[in-house]
Amino acid sequence: MFKMEIEWKDEILYQDLVKWGDRLKKEAPFFKKLLEGMVPSNSQVLDVSCGTGFHLVMLSKWGLSGIGVDISEQNIDEAIKLAEKSSVQEKIKFVLGDILEIENKVGESKFDFIYCIGNTLSIFNTQDRNNIIQQLINVLNPNGKILLQAVNYLAHVNDTEWYYNPNLQRSNNGSLIFHIRIMEWKIKKEKVTMYVQKILQGSKDSDDFELVRKRTEFFIPRKSDFDNIQEQENLQVSFLGDYQGNKFDEEKSNDLVVIIEKIN
Ligand SMILES: C[S@@+](CC[C@H](N)C(=O)[O-])C[C@H]1O[C@@H](n2cnc3c(N)ncnc32)[C@H](O)[C@@H]1O
């Protein structure tokens, strides 16, 4: 008989929320374009908040080498496993660390391509975010590029509540995962709260289901937060509204995508 045991849990695996095949297919052409002109075998990459390592593994298959840093032990363990499974463990390293101290973490290393994507920057307030970005600039080689991406919550400023399309997928162990992300503005529209509700099947053959939920608050990154960075002499900063290359429009764009180039 069908049985549903519901248990509330606080933890959700990040990798279970993402359809990686679809996501990389969409993002790969944008990465390829940014990397035009770089010689892969001479280029070092830094993945800032690498999650479970999918992007860095993709880049290593294109010939690049580099480091991924993330604060989650679980994500780093998964990233190391993915690199081994993809036979690229000689080219890339995944290390546990706080990106608020990313400069210390990478030591003397410098990079040709640095990226912090997947909306990680929204976790931090403006001061911490600026601090992280300045550290990334410090470890960027001349002629190198930084790619930053965050959700542009301001496109939803007139909504009181909105949601991302529900997602149904099979995990690696065959279990079924159904989840929905609901977004709500906080008081004065200074922050956004994300509620994730997920129904998780134990395994493909199991009739045990769990209901899992998570609540996260995000800060709102704005184009104007980059004013001080734009003033730095050796930097060229450009803004896009998505990975298709459309111009950034604060009222309409899905994303705030920022590209910082060091021009000497
Ligand atoms: C939304 S995920 C994005 C992961 C990946 N960049 C992507 O595009 O899918 C946010 C990641 O940031 C990591 N993270 C959060 N705070 C961090 C910190 N202070 N230092 C390093 N990583 C952090 C989390 O562990 C998680 O893997």
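Brief remarks follow.
- Note on segment 184-264: Kirkwood radius taken over Cα pairs, Stokes-Einstein applied at 25 °C and 0.890 mPa s, translational D equal to 151 µm² s⁻¹.
- Each peptide among 93-99, 81-87 gets the average number of other Cβ atoms lying within 10 Å of its residues, and from highest to lowest they stand as 93-99, 81-87.
- For segment 83-88, the Karplus equation 6.51 cos²θ - 1.76 cosθ + 1.60, evaluated at θ = phi - 60°, returns couplings of 5, 5, 4, 8, 6, 10 Hz by residue, with Gly and Pro reported as x.
- Peptides 118-127, 165-174, 102-111 ordered by average Cβ neighbours within 10 Å, highest first: 118-127, 102-111, 165-174
- Degrees between helix 20-34 axis and first principal axis of the chain (Cα, 0 to 90, nearest 10): 10 degrees
- For segment 179-264, applying the loop criterion from DSSP together with a ceiling of 15 other beta carbons within 10 Å to the trypsin sites (Lys or Arg not before Pro) yields 186, 204, 222, 252.
- Neighbourhood charge, 13 Å Cβ-Cβ cut-off, centred on residue 93 and excluding it, Lys, Arg +1 and Asp, Glu -1: -2
- Gyration tensor (alpha-carbon) shape descriptor, the chain, a/c threshold 1.5: oblate
- Kirkwood Rh (inverse of mean 1/r, distinct Cα pairs), segment 154-219, angstrom: 13.3 Å
- Were the residues from residue 213 through residue 238 laid out at 0.36 nm apart, the gain over their Cα-Cα distance would be 5.3 nm.
- For segment 154-219, size of Cβ-based charge dipole, Lys and Arg +1, Asp and Glu -1, in debye: 280 debye
- For the peptides 253-260, 67-74, residues were scored by their other Cβ atoms within 10 Å and the scores averaged per peptide; the highest-first order is 253-260, 67-74.
- Rounded to 0.05, the FRET efficiency of the residue 259 and residue 224 pair, given R0 = 30 Å and the Cβ-Cβ distance, is 0.95.
Taken together, the values in this text are just the output of simple stated rules run on the coordinates, not laboratory data. The structure displayed is predicted, hence computed values, not measured ones. A quick note on method: Cβ atoms are made from the backbone with ideal geometry, for glycine too, and the neighbour counts reach across all protein chains shown.
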